[in-house]
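K.L.:
Have a look at the structure that comes next, please.
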Amino acid sequence: MRRGAQVTSVRQDGIALLVFVIVLAFAAITYTLSSVSIDQLRYEQTLTTQSALTRAKQALIDYAVTYEDSNPGEYGFLPCPDHFDSGVPDEGGSDGGSCGGTRENMLGLFPWASLETGILKSGTGQCLWYAVSGEYKNPPQTAMLNEDTNGAMRLYHADGVNIKQGAVAEDRVIAIIFDPSKVLPGQNRNFDNTSLCGKDYNPMEYLEGNGTINNFTLAGGELTIDDFIKSGVVGGVATDELSPPYNDQIITITRKELWDAVVTRRDFVANNDSAMRRMTEALAWCIAAYGNNSANHKLPRPAAVDFNGLDYRADANYDDTVAVSYLGRYPYIVDDSDAALGTTLGVPNAPNVSEPNLFRKGYCNSLVVAGGPPVDLSTISAEGYTTWKNWKDHFFYAVSDYYAPSSAADTIGPNCDGSNCTVVGGNEYAAVVLFAGSRTGAQPRNEPVAGDADTKKILTNYLEVINPVGNGTGDYTPTGAIGTPGRDIAYCITDADTFTVESCP
């Protein structure tokens, strides 16, 4: 071979080697950049999803906190989901007009328009979904919602075996927000191009489960507990790679989270114009009015503490019974007390004896209390009655032995003699009305539903007073420092010929 040809061949080999090295370098750089881009994209998607879920959760809590501002006497309610194409506004509107049974859980799209959050989408571009416990949704509205109302949903870990939230009744979840994440095999998500979130209301195309626990279906019916499952890793395998696959990202709202926020309102603060203090005083004045308008100056008996399986939500179950203790829940119906007062010359001693409802006897529709306008307990649309309706299981009442209902004639007061009346702060009183504050320590207050044990029937789960004797005596001085969370509010009815009400010492 000629020398020139050899030189040319060497040069070509060198150029080919250089090109190969350059191609390898570019390939390595491209791979590295692609990996960085994929990881960065996943990270940004995660941040976007977390932000959307957190914003949705906060919007729901804010809604519950401010609900009473436009609905006096009602606290803690949450909106219905957007679960079919007829909301107002049309898309993203809470479908309150048809939201299932009164205490039935509901599932649908997150009602971003009603909550005025703007559209909240996850990192994969999906609009959020939302489930709400039946007793917390409005409308339709349950008969009693307060800080002791449990949620009706449980959340399982990705393994589907261990419960993450809701193993005990008071820890059950009241609301869940879902990121449905990317489409999985078998799902067909239809998107209406004229819409913002697709107007596809079939949860099976967005939410999944492990075949036993499925996020897309509810058991149905009132006071039924529904189970949900979070995505994650099971046995080293991501749940979106299992069969069946599931990938829903979830954030929850617990009872405690919601009510810790609600009770920061001044309505629950220990001051003279708090709603619960004013309500307790009004209830005491209503009892006092009964005695002041009774011919023999007697007071009614309370309702029972233990309802023996009856519904604590129902007003009518707050019914006095003469055979029951002198201490119990605040009475709504006082027919037995009316009868026990007897007659004088054939005329009933009880006030307005034809009306068994204490609030509607004619003396409790404009009760003057400190820190605000008069309280109306008799009108069902009034703030006073509405507040009592939702918190009625928290109000307790003890009547003294001397002033308990009987046909005996009264003498001019005072009549307490050191052995026949209740005591608060060292003073004797005809009666005392108490509001049981937030639970302290391990105080379960669960309703007898969904297999739960009835712990509402246990007095010590509510009251923290020195000696709540149920025989018409006892020391009802609240324990704990004044103004501390959970301290009971107490208003006393004086031992006098004309009953008056004062803040208990």
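Bear in mind these aren't lab numbers, they're just calculated from the coordinates by the rules spelled out. The model shown is predicted, which means the values in this text are computed figures rather than measured ones. So basically every Cβ, Gly included, is an ideal-geometry build from the backbone, and we count neighbours across all protein chains shown.
K.L.:
Please compute the net charge surrounding residue 241, taking Lys and Arg as +1 and Asp and Glu as -1 over other residues with Cβ under 14 Å from its Cβ.
P.N.:
Numbers: positive: 182; negative: 208, 240.
Neighbourhood net charge equals -1.
K.L.:
Arranged from highest to lowest average of other beta-carbon atoms within 10 Å per residue, in what order do the peptides 470-476, 407-413 appear?
P.N.:
Numbers: 470-476: 18.6, 407-413: 13.0.
Ranking, from highest mean packing down: 470-476, 407-413.
K.L.:
With only alpha-carbon atoms in the gyration tensor, what are the semi-axes of the equivalent ellipsoid for the range 44-262, in Å, largest first? Kindly include the intermediate steps, with their values, before the conclusion.
P.N.:
Working: eigenvalues 132, 86, 48 Å².
Semi-axes from the Cα gyration tensor: 26, 21, 15 Å.
K.L.:
Return, for the Cα atoms of the range 266-503, the radius of gyration and Dmax in Å, separated by a comma.
P.N.:
16.7, 54
K.L.:
Only four residue types carry charge here, +1 at the Cβ of Lys and Arg and -1 at the Cβ of Asp and Glu. Report the dipole size of the range 185-323 about the Cα centre in Debye, rounded to the nearest 20.
P.N.:
Working: 12 positive and 20 negative charges, 145 e Å.
Charge dipole of the range 185-323: 700 debye, to the nearest 20.
K.L.:
If each residue's Cβ is checked for other Cβ atoms within 10 Å, how do 173, 183 rank with the fewest at the top? Provide the component values of the computation, followed by the final result.
P.N.:
Working: 173 25, 183 14.
Ascending number of Cβ neighbours within 10 Å: 183, 173.
K.L.:
Separate question: Report the one residue of 94, 448, 379 whose Cα lies farthest in the direction of the positive end of the charge dipole of the chain (charges on C-beta: Lys and Arg +1, Asp and Glu -1; origin at the Cα centre).
P.N.:
Going by the charge dipole, the pick is 94.
K.L.:
With unit charges on the beta carbons (Lys and Arg positive, Asp and Glu negative) and the dipole taken about the Cα centre of the range 44-262, which residue among 185, 110, 51 sits farthest to the positive side?
P.N.:
185
K.L.:
Another question about this same structure. Over all Cα pairs of the chain, how is the pair count split among 10 Å bins, expressed in % and running from 0 up to the last occupied bin?
P.N.:
Calculated over all Cα pairs of the chain, the distribution is 4, 17, 23, 18, 13, 10, 6, 3, 2, 2, 1, 1, 0, 0, 0 percent.
K.L.:
Please give the net charge around residue 312, taking every other residue with its beta carbon less than 11 angstrom from that of residue 312, where Lys and Arg add +1 and Asp and Glu add -1.
P.N.:
Values: positive: 313, 329, 392, 445, 456, 457; negative: 148, 306, 311, 315, 393, 447, 454.
Its environment carries a net charge of -1.
K.L.:
Any chance you could give the angle, 0 to 90 degrees and rounded to 10, that helix 275-292 forms with the longest Cα principal axis of the chain?
P.N.:
The answer is roughly 20 degrees.
K.L.:
Find which of 416, 345, 366 sits farthest along the positive direction of the dipole of the range 266-503, computed with +1 on the beta-carbon of Lys and Arg, -1 on that of Asp and Glu, about the Cα centre.
P.N.:
Checked the options; the winner is 366.
K.L.:
Using per-residue counts of other Cβ atoms within 10 Å, averaged over each peptide, order 186-195, 287-296 from highest down. Intermediate results must be reported in sequence, preceding the final value.
P.N.:
Details: 186-195: 10.5, 287-296: 21.0.
Result, highest mean first: 287-296, 186-195.
K.L.:
Taking the Cβ of each residue in 98, 274, 503 as the centre, tally the other Cβ atoms inside 10 Å and list the residues starting with the fewest. Working shown, then result.
P.N.:
Working: 98 13, 274 19, 503 16.
With the sparsest Cβ surroundings first, the list reads 98, 503, 274.
K.L.:
Place the peptides 225-234, 416-425 in order of packing, highest mean first, counting for every residue the other Cβ atoms within 10 Å and averaging per peptide.
P.N.:
Working: 225-234: 20.1, 416-425: 18.0.
Taking the mean over residues of other Cβ atoms within 10 Å, the ranking is 225-234, 416-425.
K.L.:
Here is a follow-up. For residue 209, what residues show an amide H to amide H distance below 5 Å, using hydrogens built from the backbone and excluding near sequence neighbours?
P.N.:
Amide H neighbours of residue 209, under 5 Å, 5+ apart: 215.
K.L.:
Further question: What are the semi-axes of the equivalent ellipsoid for the range 75-161, taken as the square roots of 5 times the Cα gyration tensor eigenvalues, largest first, in whole Å? Write down the numbers at each step before the final one.
P.N.:
Working: eigenvalues 93, 75, 25 Å².
In descending order, the three semi-axes are 22, 19, 11 Å.
K.L.:
Give the long-range amide H neighbours of residue 465: residues separated by 5 or more places, or on another chain, with amide H under 5 Å away, using H modelled in the peptide plane at 1.01 Å from N.
P.N.:
Residues meeting the amide H criterion: 479.
K.L.:
In addition: For the range 266-503, what is the charge dipole size about the Cα centre, in debye to the nearest 20, if Lys and Arg each add +1 at the Cβ and Asp and Glu each add -1 at the Cβ?
P.N.:
Working: 16 positive and 28 negative charges, 93 e Å.
Dipole size: approximately 440 debye.
K.L.:
Determine, from the Cβ-Cβ distance of residue 257 and residue 322 and an R0 of 45 Å, the FRET efficiency 1/(1 + (r/R0)^6), rounded to the nearest 0.05. Walk me through the numbers on the way to the answer.
P.N.:
Working: r = 43 Å, r/R0 = 0.95.
Efficiency at R0 = 45 Å is approximately 0.55.
K.L.:
Further question: Once label points are set 7 Å from the Cα along Cα→Cβ at both residue 119 and residue 168, what is their separation, rounded to one decimal in nm?
P.N.:
Inter-label distance under the simple model: 4.4 nm.
K.L.:
Here is a follow-up. Run lengths n ≥ 4 of DSSP H only: what is the helix-derived mean residue ellipticity at 222 nm for the chain, with -39500 (n - 2.57) per run over all residues, to the nearest 500? It would help to have the intermediate numbers written out before the result.
P.N.:
Details: 6 runs with 113 residues, N = 505.
Computed mean residue ellipticity for the chain: -7500 deg cm²/dmol.
K.L.:
Please state the charge dipole magnitude for the chain, taken about the Cα centre, from unit charges on C-beta atoms (+1 on K and R, -1 on D and E), reported in debye and rounded to the nearest 20.
P.N.:
My answer is approximately 1920 debye.
K.L.:
Quick one: if the Förster radius is 51 Å, what FRET efficiency do residue 241 and residue 354 give, using the C-beta to C-beta distance and rounding to 0.05? Numbers along the way, then the final one.
P.N.:
Values: r = 72 Å, r/R0 = 1.41.
In this case the efficiency is close to 0.10.
K.L.:
Starting from the Cα-Cα distance between residue 212 and residue 438, subtract it from 0.36 nm times their residue separation and give me the gain in nm to one decimal. Don't skip to the answer; put the middle values down first.
P.N.:
Numbers: separation 226, 0.36 × 226 = 81.36 nm, distance 3.69 nm.
This chain segment gains 77.7 nm when fully extended.
K.L.:
Residue 273: net charge of surrounding residues, Cβ under 13 Å, Lys/Arg +1, Asp/Glu -1, itself excluded?
P.N.:
Working: positive: 265, 266, 277, 278; negative: 267, 281.
Result for the local shell: +2.
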